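Written below as structure tokens is the structure these notes are about.
The values are calculated or read from the model by the stated rules, or taken from the named source; none is laboratory data. Remember, it's a predicted structure, so these values are computed and weren't measured experimentally. Because the Cβ atoms are built from the backbone with ideal geometry, glycine has one as well, and the counts that use them run over all protein chains shown.
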Amino acid sequence: MAERNGQNTRRRRVITDSERPIEAGAARRRVGLLAIGLGTLVGPLDSSVNIAFPRITQDLGIEIEAIQWVVICFVLTNTSLMLVFGKLGDLFGHKRIFRMGLIVCALAFVLCAAAPNFGWLLFARVIQGIGTGLVMACSPALVTALYPENQRARALGVFTLIFGLGAVLGPSLGGFMVQAWGWPSVFWFRAPLALTAALLLFAMPTPPKKSATAFDLPGAILLTLALGAMLMSINQLQRADGAMTMTAGLALVSVIAFVGFVIQESRFSNPIIRLNVFRDIDFTVLNLTNTALNLVGFSVMLFVPYYLIQVSGYPTTTGGLILATAPLGVVLAGPLGGRLIGRIPANRLAFVGVLAVVVALLGISTWRDPPALAATVAVLFLHGFGLGLYQVSYMHIVTGTLSRADRGVAGSLALVTRSTGVVLGATILSTIYAHASTQGGGDGFVAGFVLTFRYAGAGLFVFLLATLIRPRIWLHRDAS
């Protein structure tokens, strides 16, 4: 018995040193949270760039339609590379990859702020996408490393809070800085944040070096090509200028690359992601639900700002504060959800989160006449709270389903399905709105707004009903 206890003690020590290297007292945890929090914020704070679009368009002398490439270059780069970067973190150390990403981000922010022309800015946004992908791929793994494994849900709640906080602060900070110092300020203010986080990482212990393992470079190239072509083809669907040939070509490239990736992964001993996890129908449906939830959920950030200012008549600053109640719901739902998991299975909390979003979207679809301020804030908060509750629950399930050695890939998968939903949402929701605004009569914007949210809420509800064909996805107790 004593010998077995000694073996168990040694086994626990190995796990602590190699997989929870940062857990070394409250002081180190606080420094770790500060470093990871500041570093993680460089991603969601990119929402500050949107408010700078009019000034960028004016100062660089470009057409309004071209501004979309500022988003496309960034989102496509970090989303298509994130799973690969998560695997690099698993192989060579999450802290090392995270720090590398912060340095790349700091360089990219300076390049963006100094851009003398549009081409330079787009190139710098690609560099920023690489840096942000490196950072975000390892953020969930680093946060969970700060806590014992039995507190993983609480750690993911903290990550959800940080992510939501960036979404709250981004537009308000961006608006203030653009007005005071011009559009470059939305980039350069994040460079000190990234460098400070990189320096703080030196106060955190470095885990022992892992044994050398081959990296699947062909699989990484195929996966990046597949995701990039898929997202680009989705984006091209918005165009009404005869781009169907390009869209079909990109879709074909994506399919071929995905097939090649699956074949490559089945042959490689240490693949980017072990695809057999998707044989679990419950796990696959939860990933699809995250994509669907973010698809319809993006409708709030896409259309509500226009409603608040053009229909409700709020000043821009007031409208921004009202809109911030949605990400504020995410901020509060993260820690609460993290504490509730364990008492309530994560899949049941996830189900509640989806229902909350359905109710919020259908509630917004009743805004044919501007509602009272309290009602507006309540519905937007409910929307954000539902998203946050689902996100922390879903990430807990994903990180628990994949092995602890693949914690970087697990966190990256959760972020990739989220980004895919947002890209799909930008295309599908815009298409629905364009059609609906011509069908409702009267005020075209209000008609399109109401019908778009009605379709979004009803569509998510139908999707949820379809998953109930297999009720154990949401009801069984061992998901968390």
Handout entry: helices (runs of 4 or more DSSP H) within the stretch 125-207 that include 3 or more residues surrounded by fewer than 20 Cβ atoms within 10 Å (Cβ to Cβ) and of a type outside the set (Asp, Glu)
Key = 152-181, 190-200
Exercise for the section: Starting from residues that are crowded, with 19+ Cβ neighbours inside 10 Å and of a type in the set (Ser, Thr, Tyr), keep the ones in the stretch 29-86 and report whichever is nearest to Phe258 (Cα to Cα). Expected result: Ser80
Fill in the blank from the handout: A careful count of residues in the stretch 57-67 that are touching a residue at least 40 places away in the same chain (Cβ under 8 Å) and assigned to a helix (DSSP H, G or I) gives 3
Problem - Filter pass, Arg13 being modelled with pLDDT under 75 and either in a helix (DSSP H, G or I) or out of contact with any strand residue (DSSP E or B) (no Cβ under 7 Å at 6 or more places or on another chain) (or both) - result: yes
Exercise for the section: Pick out the one residue from Arg407, Arg454 that is surrounded by 23 or more Cβ atoms within 10 Å (Cβ to Cβ) and among the charged types (D, E, K, R). Expected result: Arg407
Fill in the blank from the handout: Picked from the stretch 354-394 (must be in contact with a Leu (Cβ under 7 Å, 6 or more places away or on another chain), farther than 16 Å from Ala167 by Cβ and at pLDDT below 95), the residue surrounded by the fewest Cβ atoms within 10 Å (Cβ to Cβ) is Tyr394
Practice task
Tell me, please, whether a residue that is within 19 Å of the chain's Cα centre (by Cα) and among the acidic types (Asp, Glu) can be found in the stretch 406-417.
Solution key: yes
Exercise for the section: For the stretch 87-124, enumerate the residues that are aromatic (Phe, Trp, Tyr) and crowded, with 23+ Cβ neighbours inside 10 Å. Expected result: Phe98, Phe109
Fill in the blank from the handout: Residue hits (the stretch 321-361; of a type outside the set (A, V, I, L, M, F, W, C) and over 21 Å from the mean Cα position of the chain (by Cα)) are Arg339, Gly342, Arg343, Pro345, Arg348
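To keep it simple, each residue is scored yes or no on (1) under 20 Å from Gly174 (Cα atoms); (2) modelled with pLDDT of 95 or more; (3) of a type in the set (Gly, Ala, Ser).
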position: Arg96; (1), (2), (3): no, no, no
position: Leu102; (1), (2), (3): no, yes, no
position: Gly119; (1), (2), (3): no, no, yes
position: Leu122; (1), (2), (3): yes, no, no
position: Glu149; (1), (2), (3): no, no, no
position: Arg152; (1), (2), (3): no, no, no
Problem - Any hit, the stretch 276-288, residues being part of a helix (DSSP H, G or I), surrounded by 22 or more Cβ atoms within 10 Å (Cβ to Cβ) and not assigned by TED's automatic domain parsing to the domain that holds Leu361 - result: no
Handout entry: Residue check for Ala257: crowded, with 18+ Cβ neighbours inside 10 Å, over 18 Å from Gln68 (Cβ atoms) and at pLDDT 85 or above
Key = yes
Exercise for the section: Check Val331, Val300, Val285, Val359 and return the single one that is farther than 30 Å from Ile469 by Cβ and of a type outside the set (D, E, K, R). Expected result: Val331
Fill in the blank from the handout: Residues of the stretch 302-316 being touching a residue at least 60 places away in the same chain (Cβ under 8 Å) and either in a loop (DSSP other than H, G, I, E, B) or surrounded by fewer than 20 Cβ atoms within 10 Å (Cβ to Cβ) (or both), in sequence order, are Leu302, Tyr306, Gln310, Val311, Ser312, Thr316
